[in-house]
Amino acid sequence: MSLSKIIIYLKKNLEAFIWIVGLLLMSISDPHAHAHYSLCLIKNSGLDFCPGCGLGHSLGFLFRGEIANSFHSHPLGIFALIILTYRIFQIFKNNHKNANT
């Protein structure tokens, strides 16, 4: 496979790779650690409520099999993992189907 074909493949599937990297980072992060840096713009702006806060911890707990802690961190963590996994497969499926036609 030539370098140009690899670059084209990566560009077509960039969104999927970003989601995969994000999920991998959530799987290796320690959700039990209390001191962490947040990329959340709402939290960093000083507001107390953010509807997405706890989602990363929820996924981290979920990857460790701690379902109760996952649900306690954010009730939509399991749903978010299902949706993101579905989205990743859809991107690869659609790009593979388009490459074969």
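Would you check if there is a residue in region 79-98 being over 28 Å from Ile6 (Cα atoms) and basic (Lys, Arg)?
The answer is no, given that none of the residues of region 79-98 is over 28 Å from Ile6 (Cα atoms) and basic (Lys, Arg).
Please count how many residues of region 3-19 are in contact with a Phe, Trp or Tyr (Cβ under 9 Å, 6 or more places away or on another chain) and of a type in the set (A, V, I, L, M). Talk me through it step by step, then tell me what you get.
Step one: filter region 3-19 for residues in contact with a Phe, Trp or Tyr (Cβ under 9 Å, 6 or more places away or on another chain), giving 10, 13, 16.
When the remaining residues are screened for being of a type in the set (A, V, I, L, M), the result is 10, 16.
Matching residues across region 3-19 total 2.
Taking the condition over 17 Å from the mean Cα position of the chain (by Cα), in a helix (DSSP H, G or I) and farther than 20 Å from Asn94 by Cβ, does Ala80 pass? Show your work before the answer.
Working: over 17 Å from the mean Cα position of the chain (by Cα): no; in a helix (DSSP H, G or I): yes; farther than 20 Å from Asn94 by Cβ: yes.
It is false that Ala80 is over 17 Å from the mean Cα position of the chain (by Cα), in a helix (DSSP H, G or I) and farther than 20 Å from Asn94 by Cβ.
Looking only at region 83-101, which residues are among the hydroxyl-bearing types (Ser, Thr, Tyr) and over 15 Å from the mean Cα position of the chain (by Cα)? Quick ask: steps written out before the conclusion?
Narrowing region 83-101 to residues among the hydroxyl-bearing types (Ser, Thr, Tyr): 85-86, 101.
Result: Thr101, single match.
If we scan region 50-64, do we find a residue that is in contact (Cβ under 8 Å) with a residue 40 or more places away in the chain and more than 14 Å from the chain's Cα centre (by Cα)?
No, the conditions are met nowhere in region 50-64.
Out of curiosity, is Leu14 within 18 Å of Leu76 (Cα to Cα), surrounded by 10 or more Cβ atoms within 10 Å (Cβ to Cβ) and modelled with pLDDT of 90 or more? Give the steps one after another, and end with the answer.
On the way: within 18 Å of Leu76 (Cα to Cα): no; surrounded by 10 or more Cβ atoms within 10 Å (Cβ to Cβ): yes; modelled with pLDDT of 90 or more: yes.
When the stated conditions are applied, Leu14 does not pass them.
Among the residues of region 27-51, count how many are of a type in the set (Ser, Thr, Tyr), surrounded by 10 or more Cβ atoms within 10 Å (Cβ to Cβ), modelled with pLDDT of 80 or more and in a loop (DSSP other than H, G, I, E, B). Walk me through it before giving the result.
From region 27-51, those of a type in the set (Ser, Thr, Tyr) are 27, 29, 37-38, 45; that's our starting set.
Now drop any that are not surrounded by 10 or more Cβ atoms within 10 Å (Cβ to Cβ), which leaves 27, 29, 38.
Now drop any that are not modelled with pLDDT of 80 or more, which leaves 27, 29.
Then keep just the ones that are in a loop (DSSP other than H, G, I, E, B); that gives 29.
Number satisfying all stated conditions: 1.
Given the options Leu84, Leu76, name the one that is among the aliphatic types (A, V, I, L, M), in contact with a helix residue (DSSP H, G or I) (Cβ under 8 Å, 6 or more places away or on another chain) and more than 28 Å from Leu10 (Cα to Cα). Break it down into steps so the answer makes sense when it comes.
Details: Leu84 fails: more than 28 Å from Leu10 (Cα to Cα).
It is Leu76.
Listed residues Gly60, Gly65; which is among the small types (Gly, Ala, Ser), in a helix (DSSP H, G or I) and either on the phi > 0 side of the Ramachandran plot or surrounded by 13 or more Cβ atoms within 10 Å (Cβ to Cβ) (or both)? Write out each step before concluding.
Numbers: Gly65 fails: in a helix (DSSP H, G or I).
Within the list Gly60, Gly65, the selection yields Gly60.
Quick one: would you say Phe61 is farther than 30 Å from Lys97 by Cβ and touching a Ser or Thr at 6+ places or on another chain (Cβ under 6 Å)?
Values: farther than 30 Å from Lys97 by Cβ: yes; touching a Ser or Thr at 6+ places or on another chain (Cβ under 6 Å): yes.
It is true that Phe61 is farther than 30 Å from Lys97 by Cβ and touching a Ser or Thr at 6+ places or on another chain (Cβ under 6 Å).
The values are calculated or read from the model by the stated rules, or taken from the named source; none is laboratory data. Keep in mind the model is a prediction, meaning the values are calculated, not measured. Note that we place each Cβ from the backbone using ideal geometry, even for glycine, and neighbour counts take in every protein chain shown.
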